[in-house]
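Nothing in this text is a laboratory measurement; each read-out follows from the coordinates by a stated rule. Treat the numbers as computed from the prediction; the structure is a model and nothing was measured. All Cβ positions, glycine included, derive from the backbone under ideal geometry; neighbour counts span all protein chains shown.
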Amino acid sequence: MAANDNNNKTAKKGSDRSKLLGMEAEKEKNFADWYTQVITKSEMIEYYDVSGCYILRPWSFSIWEEIQQFFNIEIKKLGVQNSYFPLFVSERALNAEKDHVEGFAPEVAWVTRSGKSALKEPIAIRPTSETIMYPAYSKWIRSHRDLPLKLNQWANVVRWEFKNPTPFLRSREFLWQEGHTVFSTLQEAAEEVLQILDLYARVYEELLAVPVIKGTKSENEKFPGGHYTTTIEAFVPSTGRAIQAATSHCLGQNFAKMFDIQFEDDKGEKQYAWQNSWGLTTRSIGITVMVHGDNKGLVLPPRVAPVQVVVIPILYKDKDNAVIVGKGKEISKLLSAQGFRTHMDDREGYNPGWKYNHWELKGVPIRLEFGPKDMENNTVVLARRDGAAPKEVVSIDKLVERIGEVLSDIHRLLLERATQVRNERISRIARWEEFVPALEARNMVLTPWCEQKECEETVKEKTGPQKKDKVAEDAKKKEGEAAEEEFIPLTSAAKTLCLPHNPDLQTPIAEGTPCFHCGGKATKWCLWGRSY
């Protein structure tokens with residue numbers, strides 16, 4: 001997408017736009033501008049003078065805190081402990097695992113000077129922490145009694161992206177959690193890989209109301225140096241693109257052999273350990289914005305919304321509003337005491353309509369309006385941000401119960417809507433001739449596939465923007481020859497997203513079913529698409 005900050009002018013532009021209340025761009029007509037506006041005007045992001053780096057303002061960071069709180073509780077149930085490892089990694093350590101470093105080499109940022117002095121050895125800023133953590137693991141692990149070792153850290157990483165830096169989605173510095181665990185057997189490691197994948201799906205579906213597809217990455221798309229990679233894939237209907245939402249990797253014994261992570265088993269024999277790594281990032285916030293937002297701004301899922309209920313007393317000029325304000329504070333205090341994140345907006349100088357627009361832009365799930373007539377009737381007017389129902393009058397005596405019901409209903413409907421739209425945009429096809437049209441319709445495409453690297457690479461090549469030699473083409477036409485290949489007007493190549501785990505997508509392949517592309521023996525259903 002075009003919303004990036006390749007220079008300081010763009011950053012300034014984003015800042016200027018955030019000063020204007022209300023959305024100008026429409027989601028379905030200009031998604032890139034819409035996304036930039038919604039994250040700046042809602043006060044999620046502030047642009048920074050280093051391209052690809054962004055300030056996460058409290059409105060977005062509090063969502064990350066909710067994710068942290070949920071995930072911390074769940075991984076500790078699995079015996080995972082939090083820790084922290086240094087930001088820097090030596091060149092020697094980073095280069096220890098060839099396949100791994102090759103996968104990250106173009107994105108590694110290096111520190112080469114201290115003040116005016118050149119460092120004797122360049123120091124890399126972590127793009128991920130395998131090569132930082134595993135030398136320590138080799139010291140700590142000696143016996144099968146030391147296993148399993150399960151550590152997680154909440155940290156920042158730096159990957160010097162050059163592909164359209166975009167807040168939350170693709171930035172040079174981002175926040176994440178990374179788990180690194182060690183086991184004595186592949187079976188134990190494989191079990192945890194899926195446990196964590198299920199947790200990631202719960203983060204998206206139970207907190208963010210975003211449906212995801214669980215699956216395994218192809219060999220070409222797996223984590224560099226790993227044994228295999230599992231993933232959850234989300235979908236952005238407005239652009240027809242999938243987006244990798246989180247990954248859980250089985251590293252096998254590759255890193256154990258490279259970093260000499262061995263243990264003595266119960267028979268006294270030396271064995272290499274089996275390892276996993278898994279990560280979830282602040283990309284989750286951007287995905288939530290893209291899936292649920294509308295032309296009024298953010299639509300926040302209630303379970304992560306910084307403010308779940310905003311109370312707006314209706315104030316009048318030249319009148320004593322103290323009673324109204326006092327009652328509004330009582331309502332706010334009542335809801336806060338019941339655990340609802342509540343805010344009362346009694347600011348003077350802003351009329352009610354301006355406040356309604358302000359909080360709609362910020363995506364607050366419920367707005368309560370309260371004026372003199374409501375005071376007389378002991379009621380409030382409840383408005384839902386998701387637009388699923390008209391305003392309703394609620395007795396203050398029943399308000400706590402009703403707020404709980406409405407918040408639950410908003411979450412349910414957001415997830416149902418997103419799931420329905422996502423499902424409608426999965427095109428199941430069996431022949432290559434149907435593939436590109438399905439992509440052009442902004443769908444994900446489910447196909448029978450042979451799982452061969454060469455086949456996958458050819459599909460990417462065929463569906464990428466094709467540059468043609470116009471002179472040669474014209475010459476062939478003069479000679480009466482047809483052009484060898486047609487230009488395929490795609491914005492980016494199709495790629496394998498995953499081999500789905502979902503039973504409704506990964507149905508048994510009938511014997512003799514051909515691969516949709518090469519005609520070889522199909523072994524699995526594969527989900528393809530354009531991806532962020």
Full-stretch length increase - Trp140, Glu392 - with 0.36 nm per residue and alpha-carbon distance subtracted: 84.6 nm
Step through the table entries Lys296/Lys460; Lys29/Lys362; Lys163/Lys217, compare each Cα-Cα distance with 27 Å, and write down the pairs that go over it. Lys296/Lys460
When you count, for each residue, the other Cβ atoms within 10 Å and take the mean per peptide, how do 140-153, 215-228, 345-358 rank with the highest first? 215-228, 140-153, 345-358
Can you tell me the orientation of helix 352-361 relative to the chain, as the angle in degrees between its alpha-carbon axis and the longest Cα principal axis, to the nearest 10? 10
Antiparallel versus total DSSP beta bridges in the chain: what percent is that, nearest 5? 80
Efficiency by 1/(1 + (r/R0)^6): what FRET value for Arg92 and Asp198, r their Cβ-Cβ distance, R0 = 25 Å, to the nearest 0.05? 0.10
Where nothing but the Cβ of Lys and Arg (+1) and of Asp and Glu (-1) is charged, how large is the charge dipole of the stretch 314-427 around its Cα centre, in debye to the nearest 20? 360
All aspartates and glutamates inside 17 Å of Lys27 as judged from Cα atoms, apart from same-chain residues fewer than 8 positions distant: Asp294, Glu360, Asp386
Taking Cα atoms only, helix 453-463 is inclined relative to the longest principal axis of the chain by an angle, in degrees rounded to 10, of 50
As an exercise, use a Förster radius of 25 Å and the Cβ-Cβ distance of Phe61 and Lys296 to find the FRET efficiency, rounded to the nearest 0.05. 0.65
Quote to one decimal, in nm, the extra length available between Glu269 and Glu511 on full extension: 0.36 nm per residue of separation minus the C-alpha distance between them. 82.7 nm
Dipole axis of the chain (+1 Lys, Arg; -1 Asp, Glu on Cβ), positive-most option in Gly268, Ile63, Ile141: Ile63
Expressed as a whole number of Å, what is the distance separating the alpha-carbon centroids of the stretch 164-186 and the stretch 385-451? 26
Which is farthest toward the positive dipole end of the chain among His501, Trp278, Trp34, measuring Cα position about the Cα centre, with Cβ charges +1 (Lys, Arg) and -1 (Asp, Glu)? Trp34
Rounded to the nearest 20 Debye, what is the dipole magnitude of the chain about its Cα centre when Lys and Arg each give +1 and Asp and Glu each give -1 at the C-beta? 1120
List Cys498, Cys53, Cys515 from most exposed to least, where exposure is judged by having the fewest other Cβ atoms within 10 Å. Cys53, Cys515, Cys498
With label points built 7 Å along Cα→Cβ from the Cα atoms of Ala337 and Asn378, find their separation and express it in nm. 1.6
Charge sum, other residues only, whose C-beta stays under 11 Å from Pro237's C-beta, Lys/Arg counted +1 and Asp/Glu -1: +4
Other-chain or far-sequence residues with amide H under 5 Å of Cys498's (modelled H): Leu527
Nearest-20 debye value, the stretch 8-292 charge dipole, Cβ charges on Lys, Arg, Asp, Glu: 880
Which order do Ser171, Ser395, Ser184 fall in if you start with the one that has the fewest other Cβ atoms within 10 Å? Ser395, Ser184, Ser171
With a sphere of radius 9 Å drawn around the Cβ of Glu392, what net charge do the other residues whose Cβ falls strictly inside it have (Lys, Arg +1; Asp, Glu -1)? +3
